[in-house]
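Structure record follows, encoded as structure tokens.
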Amino acid sequence: MPQPDLLLIEDDEAIAELIVWHFAREGFSVRQTPDGEQALVLVEERVPDIVLLDWMIESLPGIEVCRRLRRNPKSANVPIIMLTARGEEEDRIRGLETGADDYVTKPFSPRELVARVSAVLRRLRPALAGEMLTYADIELDSVAHKVVRNSQIVAMGPTEFRLLRHFMEHPGRVFSRGQLLDSVWGQDSDIELRTVDVHIRRLRKAINLPGTTDIIRTVRSAGYALDSGKSV
């Protein structure tokens, strides 16, 4: 698998070091700058495979860097994930409308960030991403169609496998029953919403081995999320 080239634009030194360490450990080639103007220069020198962009950085706001990257034909199609302490819906929508492909709100788990980046690469740069997903103590091999938790092979049906893979590609994100139906069963499916609850129960029964925690979080009146409850 080619080594993905990641450009990190983050002016908090401690957070930047943490992110660089985790991505380097996962086989990424990482360039890092705290400066928005310098980031644009780095992109001109070598277009990255993906950009992690903080909202509040030096010289240029992250939102303006995102806008300029999208205007540049060289980087117009490069995936961009925004890192932000701004949790308000209006700010998230503004980032997405400017051209970001995804966003991660601080504080975040570095392992979840790696999973989120890998999910975007699988969707937009499939040749750069592997077929193995990891989250907490769970490993999912899409090629071998195998799930392992705490070194134990987990048996589950094909629908539960697809559900788990969808959750592991978007850790921490809450999905409504309707969104899960569209993503896992397909938009043309005539499956009833309550069927999702049945398969969630089956997934929980399969994945929650003795001595492990329930990582499928039920969000009242909203849906479900993959959530270990740990962050840094």
Item checked: Residues residue 134 and residue 44, FRET efficiency given R0 of 25 Å [Cβ-Cβ distance, rounded to 0.05] -> 0.15
Item checked: Net lengthening on full extension, residue 174/residue 148 (0.36 nm per residue, minus Cα-Cα) -> 7.0 nm
Item checked: Cα gyration tensor shape for the range 5-128, rounded if a/c is under 1.5, else prolate or oblate -> rounded
Notebook entry, point to check: Given H placed on each backbone N at 1.01 Å, which residues far from residue 103 in sequence or on other chains put an amide H within less than 5 Å of it?
Noted result: 82
Notebook entry, point to check: Given the rule -39500 (n - 2.57) for each run of at least 4 DSSP H residues, summed and divided by the residues of the chain, what is its mean residue ellipticity at 222 nm, to the nearest 500 deg cm²/dmol?
Noted result: -11500 deg cm²/dmol
Notebook entry, point to check: In nm, to one decimal, how far is the residue 202 label point from the residue 11 one, both placed 7 Å along Cα→Cβ?
Noted result: 5.1 nm
Check: Tell me, what HN-Hα J-couplings in whole Hz come from the Karplus equation 6.51 cos²θ - 1.76 cosθ + 1.60 at θ = phi - 60° for each residue of the range 40-48, using x for Gly and Pro?
Finding: 5, 5, 4, 5, 5, 5, 7, 6, x
Checklist line | Average accessible surface area per residue within the chain, 1.4 Å rolling probe, Å² | finding: 51 Å²
Next item on the list: May I ask you to give the percent of accessible area on the chain that is carbon plus sulfur, with a probe radius of 1.4 Å?
Entry: 48 percent
Notebook entry, point to check: How long are the semi-axes of the ellipsoid equivalent to the chain, from square roots of 5 times the Cα gyration tensor eigenvalues, in whole Å, largest first?
Noted result: 32, 19, 17
Next item on the list: Could you go through the range 17-25 in sequence order and give the Karplus-derived ³J(HN,Hα) for each residue, using 6.51 cos²θ - 1.76 cosθ + 1.60 with θ = phi - 60°, rounded to whole Hz, and x for Gly and Pro?
Entry: 4, 5, 5, 4, 4, 5, 6, 4, 5
Checklist line | residue 106 paired with residue 21, simple spin-label distance in nm, labels 7 Å along Cα-to-beta-carbon | finding: 1.7 nm
Checklist line | Listed peptides 201-214, 107-120 by packing density, highest first (mean Cβ within 10 Å) | finding: 107-120, 201-214
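The values are calculated or read from the model by the stated rules, or taken from the named source; none is laboratory data. Since the structure is predicted, the reported quantities are computational estimates derived from the model, not experimental observations. With ideal geometry, Cβ positions are generated from the backbone for all residues, glycine too; neighbour counts draw on all protein chains shown. Heads up: the accessible areas ignore ligands, DNA and RNA and are worked out on the full protein's heavy atoms, side chains in. Shrake-Rupley method; radii C 1.70, N 1.55, O 1.52, S 1.80 Å.
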